[in-house]
Amino acid sequence: MLPPPAPVTPPALDVNAEVGHLDRAITTALDAAKAGGLPNGYIVAVLHAHALKQTQLLLG
C-alpha cells in the first residue's frame with residue numbers, strides 16, 4: 001500500500017501586499033464612480049451587497 005500523497009501547500013502569500021492591492025483597486029473604482037456622478041448612497045449599497053454576499057459564502 002502506498003503512503004498518502006503529501007498535502008499541497010499554496011504558495012506563500014504576502015497578505016500586506018495583497019491588502020494594499022485590494023485597497024488601491026477599491027479606491028480607484030470609487031473615484032471613477034464618483035467622477036461618473038454615481039450617488040454616494042448607491043455606491044454604499046453596492047459595496048454592502050458585495051460584503052453581504054461574501055459573508056454568506058463564508059458561512060455556507
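Values quoted throughout were computed directly from the atomic coordinates according to the rules given, and no laboratory measurement underlies them. As the structure is a computational prediction, the values presented were derived from the model and not from experiment. Reconstructed Cβ throughout: ideal geometry from the backbone, glycine too, with neighbour counts over all protein chains shown.
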Worksheet item: Taking Cα atoms, how many degrees apart are the long axis of helix 40-59 and the longest axis of the chain, rounded to 10 and kept between 0 and 90?
Response: 20
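Using 1/(1 + (r/R0)^6) with R0 = 22 angstrom and r between the beta carbons of residue 22 and residue 49, what's the FRET efficiency to the nearest 0.05?
0.80
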Response to the item:
Quick shape check on the chain: root eigenvalues a ≥ b ≥ c of the Cα gyration tensor, a/c under 1.5 is rounded, otherwise prolate if a/b tops b/c, else oblate, and it reads oblate
Worksheet item: Expressed as an acute angle from 0 to 90° and rounded to the nearest 10, what is the orientation of the C-alpha long axis of helix 15-35 relative to the principal long axis of the chain?
Response: 20
Worksheet, complete the sentence: Going fewest to most other Cβ atoms within 10 Å around each Cβ, 8, 15 line up as 8, 15
